[in-house]
Ligand SMILES: NC(=O)C1=CN([C@@H]2O[C@H](COP(=O)(O)OP(=O)(O)OC[C@H]3O[C@@H](n4cnc5c(N)ncnc54)[C@H](O)[C@@H]3O)[C@@H](O)[C@H]2O)C=CC1
Ligand SMILES: CC(C)CC(=O)C(=O)O
Ligand SMILES: [Mg+2]
């Protein structure tokens with residue numbers, strides 16, 4: 001029987017709640033498809049600070065590097081917000097992504113037929129939406145130096161090199177080749193030098209993909225177009241901060257931030273994580289939507305473990321749970337037959353794996 005080593009980072013806030021549900025579903029699907037998963041848990045974020053004094057213990061990096069794939073919840077919370085920047089949970093996460101060299105963050109935003117009414121948009125605008133946001137994850141303004149805040153003047157630096165843009169561009173075009181062959185590159189080239197390099201480099205990458213149509217859009221317009229007519233997008237490729245913001249917007253286009261999964265990939269171990277944060281406002285209440293994390297686990301099976309049948313089974317089980325009217329609180333107003341807790345939603349999806 002095939003056995004995979006999975007590193008688990010639950011993190012803070014709702015992190016442990018949602019990751020536990022994804023593990024429940026992974027256990028059901030691995031049993032059903034005849035492979036096994038061995039989990040090892042590692043610390044990152046606020047919990048790691050509390051236990052070890054560091055937001056990213058070295059053991060976590062080594063453990064994840066030695067695993068086949070990593071499933072991650074979320075980190076952060078008010079308790080750690082007053083720490084110096086380099087000691088904060090978010091810095092641990094950024095350092096983690098950098099250490100794993102996961103430069104490509106794939107964030108699919110797909111409307112479930114069962115949740116068309118949950119979208120903030122009209123059904124005719126939302127039906128059939130299937131967007132892949134390809135966000136550059138280890139460069140740009142979140143990482144650029146110099147960065148400083150001396151209490152009077154503060155600055156950050158947005159930097160991209162041509163090779164960094166080329167590698168994320170190639171990822172976007174490769175994905176587009178398997179989809180509708182359209183890439184929209186989002187930047188702010190009317191104002192930023194770094195965006196001009198981004199745009200010019202995307203044009204160069206596009207020459208190797210003559211079948212793919214490349215368009216460019218300024219990020220302010222892209223934010224508007226996402227809610228005006230999301231179906232115009234197939235693959236969106238963009239930098240770190242723009243992708244961060246646009247994917248949260250895209251989540252409400254398809255109904256809830258609790259629905260959007262992601263894969264953070266590079267040449268080492270990939271990390272699978274929901275796009276949302278640790279949601280301290282709802283932590284411990286059993287109302288978080290675990291679907292984004294469960295779907296991230298499905299992406300892990302598909303991309304890192306090549307267990308396609310198992311990934312498809314998770315997709316089908318999620319759709320069945322939604323079709324049968326089960327909703328967590330975030331979606332309670334939309335065609336709910338029964339409003340369920342985080343843990344009940346995990347149970348329902350796990351039980352539907354073999355039905
Ligand atoms: N990848 C990560 O670990 C991330 C961590 N963060 C951190 O998370 C903390 C909270 O940040 P926020 O800006 O509040 O963003 P957030 O994404 O945690 O929450 C934003 C809003 O969405 C809701 N929400 C999020 N996930 C949900 C789910 N699964 N089901 C139902 N509702 C959900 C929350 O209750 C909140 O009202 C901060 O410390 C932030 O730095 C933020 C984004 C990503
Ligand atoms: C701490 C942030 C950089 C994480 C975030 O908002 C994200 O990756 O979506
Ligand atoms: Mg974000």
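Each reported figure results from applying straightforward, stated rules to the coordinates on display, with no laboratory input. Everything numeric in this text was worked out from a predicted model, so none of it was measured. FYI the Cβ positions are ideal-geometry reconstructions off the backbone, even for glycines, and counts take in every protein chain you see.
A few comments on the model shown:
- DSSP bridge pairs, the chain: antiparallel proportion in percent, nearest 5: 30
- For 235, 51, the sequence from fewest to most other C-beta atoms within 10 Å is 51, 235.
- FRET efficiency for the residue 130 to residue 150 pair, using the beta carbon distance and R₀ = 45 Å, is estimated at 0.45.
- Gap separating the Cα centres of the range 83-138 and the range 175-237, nearest whole Å: 17
- The relative contact order of the chain, computed from alpha carbon pairs under 8 Å that lie at least 6 residues apart in sequence, is 23 percent.
- Residues 72, 173 in ascending order of nearby Cβ atoms (within 10 Å, fewest first): 173, 72.
- Mean ellipticity per residue at 222 nm, deg cm²/dmol - from DSSP H runs of n ≥ 4 across the chain, formula -39500 (n - 2.57): -12500 deg cm²/dmol
- Largest GNM mean-square fluctuation across 258, 63, 34, computed for the chain with C-alpha springs under 10 Å, falls on 34.
- The range 75-218 - share of DSSP beta bridges that are antiparallel (%, nearest 5): 60
- Among 325-332, 177-184, the peptide with the highest mean count of other Cβ atoms within 10 Å heads the list, and the full ranking is 325-332, 177-184.
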